[in-house]
1. Looking only at the stretch 89-105, which residues are of a type outside the set (Ser, Thr, Tyr) and modelled with pLDDT of 95 or more?
2. I'd like the full set of residues that are under 11 Å from residue 154 (Cα atoms) and assigned to a helix (DSSP H, G or I), limited to the stretch 103-137.
3. Tell me which of these residue 76 doesn't satisfy, since it passes every other one: (1) among the hydrophobic types (A, V, I, L, M, F, W, C); (2) closer than 21 Å to residue 21 by Cβ; (3) buried (at least 16 other Cβ atoms within 10 Å of the Cβ).
4. Which residues, counting only those in the stretch 8-64, are part of a helix (DSSP H, G or I), over 30 Å from residue 80 (Cα atoms) and not aliphatic (A, V, I, L, M)?
5. Specify the residue that is surrounded by the most Cβ atoms within 10 Å (Cβ to Cβ); the eligible residues are those in the stretch 102-124 that are of a type in the set (Gly, Ala, Ser) and closer than 15 Å to residue 4 by Cβ.
6. Could you list, in sequence order, all residues of the stretch 188-218 that are surrounded by 14 or more Cβ atoms within 10 Å (Cβ to Cβ) and among the hydrophobic types (A, V, I, L, M, F, W, C)?
7. Does residue 88 qualify as being within 19 Å of the chain's Cα centre (by Cα), part of a loop (DSSP other than H, G, I, E, B) and within 23 Å of residue 198 (Cα to Cα)?
Amino acid sequence: MSLQLMTDSACDLSRSYLTTNNVEVIPITLNHEEQVFQDGIDIQPEEVYRGMREGKVYKTSQISVQDFIDAFEPFAKTGEKVLHMSFSSGLSGTYNASVIAIEELKEKYPDSQIVSVDTKSASNGLGLIVYQTIQKRDQGAAYEELIDFVEERARQTEHIFTVDDLEYLRRGGRLSKGAAMVGNLLNIHPLIRLNDKGELEQFSKVRGRKKLFHEMIRIAKE
């Protein structure tokens, strides 16, 4: 019985790389005013970043239960095993939607074997887990081994990052307009991580770009 790896477009790996390595990608939806885009299909990350620098505001929508059913059902019909590596449940309802979809398909296809793992990761963190799982699969790991591997990597993966412009945190509702303005004027950079629940958490502030990178390197070495 064959095995299909799947993930969300939040992994930030190129679609060409994932296609070459036989990984199905379910796109997240982006909304700008009345326009709706599928991440990586109708719009590319470079376009989003450019638009944000120009002042455009993009909002994301979680992948729906029906989107997951549409993606999973062809494999449920054929009995192919599926391992889906999901965007953090602490940042989106996407993982919960995938679980509901699996439960609904289980009623229709009792013998289906579809597992979704909450990686509690995002962006390059999720991408790294997907990349390592591809390697593990290509080394001949069994389905159950891969599930255990992804769950282990979800516990071990650390995310530490910052932002150059606090305006983006303000737009996302995570910072007041006044705090963003003062922080930018004083060249203050927040250090942010994903906690054990996969939620964003500010744990420090550093003034000045040079000090920022020294601090990030120090933390990474600990």
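The values are calculated or read from the model by the stated rules, or taken from the named source; none is laboratory data. In this text the structure is predicted, and so the values were computed from the model without any measurement. Don't worry about glycine lacking a Cβ; one is built from the backbone with ideal geometry, like all the others, and counts go over all protein chains shown.
1. Here is the first cut: in the stretch 89-105, the residues of a type outside the set (Ser, Thr, Tyr) are 90-91, 93, 96-97, 99-105.
Matches in the stretch 89-105: 96, 97, 99, 100, 101, 102, 103, 104, 105.
2. Kept after step one, since they are under 11 Å from residue 154 (Cα atoms), are these residues of the stretch 103-137: 117-122, 125-126, 128-130.
Those that are under 11 Å from residue 154 (Cα atoms) and assigned to a helix (DSSP H, G or I): 125, 126, 128, 129, 130.
3. (2)
4. Just the residues of the stretch 8-64 that are part of a helix (DSSP H, G or I), to begin with: 9-11, 15-20, 45-53.
This time we only want the ones that are over 30 Å from residue 80 (Cα atoms), so: 45-53.
45, 46, 47, 49, 50, 51, 53, listed by residue number.
5. To start, the set of residues in the stretch 102-124 that are of a type in the set (Gly, Ala, Ser) comprises 112, 116, 121-123.
In the following step, the residues that additionally are closer than 15 Å to residue 4 by Cβ were identified as 112, 116.
Working: 112: 20, 116: 23.
For the stretch 102-124, the residue satisfying everything is 116.
6. Of everything in the stretch 188-218, those that are surrounded by 14 or more Cβ atoms within 10 Å (Cβ to Cβ) and among the hydrophobic types (A, V, I, L, M, F, W, C) turn out to be 188, 191, 192, 194, 200, 206, 212, 216.
7. Values: within 19 Å of the chain's Cα centre (by Cα): yes; part of a loop (DSSP other than H, G, I, E, B): yes; within 23 Å of residue 198 (Cα to Cα): yes.
Spelling it out, residue 88 is indeed within 19 Å of the chain's Cα centre (by Cα), part of a loop (DSSP other than H, G, I, E, B) and within 23 Å of residue 198 (Cα to Cα).
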